[in-house]
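Undergrad: One structure is given below, represented as structure tokens, and several questions about it will come after.
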Amino acid sequence: MELSERHQEYWRRNLRITAVLLAIWFVATFVVIFFAPSSMTSSSWAFPFAFYMGAQGSLIIYVLIIWFYARRMNQLDNEYGVQEGEEQ
Amino acid sequence: MTALTQSQFFQQLKKYYTFYTGGFIAFVIVLAILEQMGLPAKWVGYIFLAATIALYAGIGIMSKTADVSEYYVAGRRVPAIFNGMATGADWMSAASFIGMAGTLYLAGYDGLAFVLGWTGGYVLVALFLAPYLRKFGQFTIPDFLGSRYGGNLPRTIGVSPPSSARSPTWWRRSTASASSPPASPAWNSRSACSSAWPASWCAPSSAACAR
């Protein structure tokens, strides 16, 4: 199959969505963990933020990322006519 | 099987799932009643084990097929909501409930690496593997890597990560100061199955309880 200009555009938008979501994933996972020791020992944090993120906060973000990605890619597939339809 | 349309298939799946859920609830209630009537916990465990195996065998016979695509991915027709339920059920395993409780108790903050890894891994699968696995028409990740990059090396890499990625030592080191494991862990798997609980709740997930 030959890749048209439209296919290229679809792929660029796909990559952009993936990159943004991956950046959010990285912050929710590794940045939070990296600052965990300091955030738990310093007295300015009344709430154990790093612990909460590891146990629940990051997981909620993960689920939202997956939900958003699936929804957005479905929209994109429909917009560019590459969806897997019932009739296709 | 192949003559069904998507909506008929969906209706049929709904019927099966409702039947299965109702059957499971009835089964648990019957076992609880039997236990109250004096059925030994050992037998409750055996019945649970036998019923589970019989159920799987029944499903296997009911949906037997010679088609590879039907066999691995049910013809790729299972609706997202049912696939999501299956994924959720996978997550909520004995390892999650019993293993994670013990791991978190022992390791403290470090134990959260498993919680993060299990769900965080889904993000990587959703963004990088699942859509392309489907578009490439493959069934397993090694198959996909093999057809995408060619050759046996990517295929081998696809098989090996689970064993090498299990133990993030650099992460453990960087957070070691943040956690303080309890001095004497008195937790054991039997305490989760104290007499206050119906033994049938514990039996399928932990063989130690059935004995």
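Nothing in this text is a laboratory measurement; each read-out follows from the coordinates by a stated rule. Bear in mind the structure is a predicted one, so any value in this text is a computation, not a measurement. Glycine gets a Cβ as well: all are built from the backbone with ideal geometry, and neighbour counts include every protein chain shown.
Undergrad: Can you tell me, using C-alpha contacts under 8 Å and at least 6 residues apart, the relative contact order of region B:44-157 as a whole percent? Don't skip to the end; give the middle numbers.
TA: Values: 33 pairs, mean separation 13.2, N = 114.
It comes to 12 percent, rounded to a whole number.
Undergrad: Can you return the lysines within cross-link range of B:Lys135? Criterion is Cα-Cα under 29 Å, with same-chain partners fewer than 8 residues away left out.
TA: Partners found: B:Lys14, B:Lys64.
Undergrad: In percent, how large is the relative contact order of chain A, given Cα pairs closer than 8 Å and 6 or more residues apart?
TA: 33
Undergrad: Hey, another quick one. At what distance in angstrom do the alpha carbon centres of region B:1-60 and region B:111-142 lie from each other?
TA: 29
Undergrad: Still on this structure: So, R0 is 41 Å and r is the distance between the beta-carbons of B:Phe97 and A:Asp77; what FRET efficiency does that work out to, to 0.05?
TA: Efficiency for this residue pair is about 0.65.
Undergrad: Average partner chain C-beta neighbours within 10 Å, per residue of A:57-70?
TA: Going residue by residue through A:57-70 and averaging, the value is 4.
Undergrad: Sticking with this structure for a sec: Would you mind computing the Rg to Rh ratio of region B:38-114 from its alpha-carbon coordinates, Kirkwood style for Rh?
TA: 1.13
Undergrad: How do B:25-33, B:40-48 rank on mean C-beta neighbours within 10 Å, highest first?
TA: Result, highest mean first: B:40-48, B:25-33.
Undergrad: Could you work out, residue by residue across A:28-35, how many beta carbons of other chains sit within 10 Å of that residue's beta carbon, and then give the average as an integer?
TA: Average per residue, whole number: 3.
Undergrad: Which value in nm describes the separation of the simple spin-label points at B:Ser7 and A:Glu9, placed 7 Å from the Cα toward the beta carbon?
TA: Between B:Ser7 and A:Glu9, the label points sit 3.4 nm apart.
Undergrad: Using a 10 Å cut-off on Cβ to Cβ distances, tally the other chain neighbours for every residue of B:98-109 and report the average as a whole number.
TA: What the average comes to for B:98-109 is 1.
Undergrad: Now for a different question. What is the angle, in °, between the Cα long axis of helix A:5-26 and the longest principal axis of the Cα atoms in chain A? Nearest 10 is fine, range 0 to 90.
TA: Approximately 10 degrees, to the nearest 10.
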